[in-house]
Amino acid sequence: MNFEIALTGFAALYIFMLAAFAGWVIIGRVPAILHTPLMSGSNFVHGIVVVGGLFTLLNARDVLEQSIGFFAVLLGAGNVAGGYAVTSRMLAMFKTSAPAPAPAHRAHHRSKAHHAKKA
Amino acid sequence: MITLTWLPSLVIGLADICAAFLFMYGLQRMSSPATAASGIKVAGIGMVAAVLASFLYVFSVDPAAKPLLPINIVLALVALAIGGGLAWLAGRRVAMTAMPQMVAIYNGMGGGAAGGIAAAELFGSRAHGATALVVTLLGGLIGAVSLSGSLIAWAKLQGVINKPLRFKGQQVVNALIMAAAVVVAGVIVYGGLAGAALLWVPSTWICIFFAFALLFGVAMTLPIGGADMPVVISIYNAFTGLAVGLEGFVLQNPALMIAGMVVGAAGLLLTLLMAKAMNRSVSNVVFTNFGEAAKSKPGAIKGEEKPVQAADAAIKMRYASSVIIIPGYGLAAAQAQQKLYEFVKLLQAAGVVVRFAIHPVAGRMPGQMDVLLAEAGVPYDMIFQLDDINDDFADTDVALVIGANDVVNPAARTDKSSPIFGMPILNADKAKQVYVIKRGQGKGYAGIVNALFYGDNCNMVYGDAKGVLSAMIEGVKGLGSAAA
């Protein structure tokens, strides 16, 4: 069995096109209030480059390639960890003034059901 | 015995496809403040899966790399621990007001990693064929520009570099640097295809190529001023995404391709949004020395700036029925967001309806003001964006402008000769009374006189935002029970 992937020519272009379109549509709906967390969140996502860095480092054949690979993994790991840390910190801060009505409503239903069971 | 040589590549493939899905799903959850916090966790799971799976590459390494494999594994773990650990600590500790430069740094790191992958491919002559070579070089170029450009952006935001560096013929010099990088790239492609070295050995050319790319990032970012940073940070976000996507193609890794392109498109969209909010094109932001030509004539506006005491302004707001607050970079610079919300809570306790109006390019990165207010504990349903609140100023008793200038300059609506003419602004001048908290009588970033400050309905409260807000809090508290 072979699970190697070959993405050449138009197959690659199709992936790029669909991914770019998806990114555009997903981000286009984000309200301006979340633009900073969104930017640092997408910043975190491009940290996936660390996987490429790991591939390069594990396949390094000499000291030069090892150094470059080490550098790439170091920076990529920083991108991932830092991006996650600041994004989760920022997102944890967004609160509404009133407790969200939807969960409160559900809680109400649940308590009703609870009472009914008791009765 | 059954051989399981196919198993690692199957697991890697599955982990990568999970990661790609979770990234997009996570970003999608970020489109509402209510679900956003879980969005980053979802994306985080994808990242952990992809990173863990990538260690399975050890089963299929290049035969020439086999002898070095144990060392390489150790190096990988060390690099992950050091890079990840330091960035994590920095990210946990950094002040919210320093978020733009932090994001710039992480962005540059991603670009640098992409550039490094390109460099390894080129030095190791792994990329074969015209397409692979060109894509590797393009990704390396963009990644390197993003690395050095983001570092300069960081230095500017951090205050290490204070003045935009501008000189005559700068655009020509920058264009020449870029042209040189492209020519060298051409030489590398030619050398790689023909298998013949031109003039120097290939590795020399590769070094020259990256040197020009890094230099271009520096040269491109140096002339850009502080208030244009929202655009610059968005551009480098897009650049790094693009570079990662391109190197993903070179490594034949669809997770990198998809994640990179999604971020590239997202960054492009944000870049365009920011430029639109300034009524300028992206090339205008990057390639013109904005503010230089805008030395305006002070005599053009009648009236004078009328200072008022902080406590008097505070008492006026205490007895108003509605107040809209317009924060700008000055609020972040003074770290006054906590004081501001303390003051707002006093007003709310007195029955005043308080709302916040945020301009898209207020601050140094998209949405920076929203994050600062969120940090202070301001509920997000009190925060309104330009289009949602601009019509309400006319019915508002007091507009309080804190450390913002150009985004409330009515010249953008009325004065065709103004460099910011046509930029959407917050209509603070339409409120019945305007108070402006400002450090001194200086001009805004664009160097343009602000007619708002001279209006009959406007008073200035001079001082550092934190000090002024403290005085305002004292002023309202000083009313004591008599007010209640």
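None of the figures in this text is laboratory data; all of them are computed from the coordinates on show. Everything numeric here is computed off the predicted structure, so don't read it as measured data. Note that each Cβ is placed from the backbone with ideal geometry, even for glycine, and that neighbours are counted across all protein chains shown.
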For peptide B:382-395, what's the mean number of Cβ atoms from other chains within 10 Å of each residue's Cβ?
1
I want to check the label-to-label distance for B:Cys18 and B:Lys345. Put each point 7 Å from Cα in the C-beta direction and report it in nm to one decimal.
4.3
Grab the DSSP H runs of chain B that are 4 residues or longer, score each as -39,500 (n - 2.57), total them, divide by all residues and round the 222 nm result to the nearest 500 deg cm²/dmol.
-19000 deg cm²/dmol
Relative to the Cα centre, what is the charge dipole magnitude of the protein assembly as shown, using +1 at the beta carbon of each Lys and Arg, -1 at the beta carbon of each Asp and Glu, and rounding to the nearest 20 debye?
1140
At a Förster distance of 41 Å, what's the computed FRET efficiency of B:Ser281 paired with B:Tyr25, Cβ-Cβ distance as r, to 0.05?
0.75
Below 14 Å, Cα to Cα, which aspartates and glutamates can B:Lys156 reach? Residues fewer than 8 away in the same chain don't count.
B:Asp228
From the phi angles alone, apply the Karplus equation (6.51, -1.76, 1.60; θ = phi - 60°) to segment B:66-79 and give each ³J(HN,Hα) in whole Hz, x where the residue is Gly or Pro.
3, x, 8, 4, x, 5, 5, 5, 4, 4, 4, 5, 5, 4
Can you list the residues of segment B:23-50 with backbone N under 13 Å from a point 7 Å past the Cα of B:Asp381, pointing along Cα to Cβ?
B:34
What is the local net charge at B:Arg126, summed over the other residues whose Cβ is closer than 14 Å to its Cβ (Lys, Arg +1; Asp, Glu -1)?
-4
So, R0 is 41 Å and r is the distance between the beta-carbons of B:Leu4 and A:Ser67; what FRET efficiency does that work out to, to 0.05?
0.80
What is the order of A:His35, B:His128, A:His46, fewest Cβ neighbours within 10 Å to most?
B:His128, A:His35, A:His46
Links exceeding 32 Å between C-alpha atoms in this model, out of A:Lys95/B:Lys430; B:Lys306/B:Lys466; B:Lys276/B:Lys316, come to B:Lys276/B:Lys316
With R₀ set to 25 angstrom, the calculated FRET efficiency between the beta-carbons of B:Leu86 and A:Ala92, to the nearest 0.05, is 0.70
Sparse-neighbourhood loop sites, chymotrypsin sites (Phe, Trp or Tyr not before Pro) in segment B:1-58 - DSSP loop, at most 15 other Cβ within 10 angstrom
B:Trp6
Only four residue types carry charge here, +1 at the Cβ of Lys and Arg and -1 at the Cβ of Asp and Glu. Report the dipole size of segment B:347-484 about the Cα centre in Debye, rounded to the nearest 20.
480
If amide hydrogens are placed 1.01 Å from N in the peptide plane, which non-local residues have theirs closer than 5 Å to the one on B:Phe384?
B:Phe356, B:Ala357, B:Ile358
Per its Cα gyration tensor (rounded if a/c is under 1.5, else prolate when a/b beats b/c, else oblate), the protein assembly as shown is best filed as oblate
Let me confirm one metric for peptide B:236-245, namely the mean number of other chain beta-carbon atoms within 10 Å of its residues' beta-carbons.
5
Treating only the Cβ of Lys, Arg, Asp and Glu as charged (+1, +1, -1, -1), what charge dipole size does segment B:319-388 show about its Cα centre? Round to the nearest 20 debye.
220
Neighbour-count ranking [beta-carbon atoms within 10 angstrom, fewest first] of B:Val135, B:Val145
B:Val135, B:Val145
So, with points 7 Å from each Cα along the Cβ direction, the B:Val172-B:Asp395 label distance in nm works out to 5.8
Between B:Ser417 and A:Arg29, with labels modelled 7 Å along Cα→Cβ, what's the label distance in nm to one decimal, could you check?
4.9
Segment A:46-61-segment B:269-287 distance, computed between alpha-carbon centres (Å):
34
Once the dipole of segment B:298-354 is set up from charges on Cβ (+1 Lys and Arg, -1 Asp and Glu), the residue from the list B:Gly330, B:Ala311, B:Val353 lying farthest towards its positive end is B:Val353
Quick one: Debye curve from the alpha-carbon atoms of segment B:1-132 only, equal weights, vacuum; give me log10 I(q)/I(0) at q = 0.21 Å⁻¹ to two decimals.
-1.49
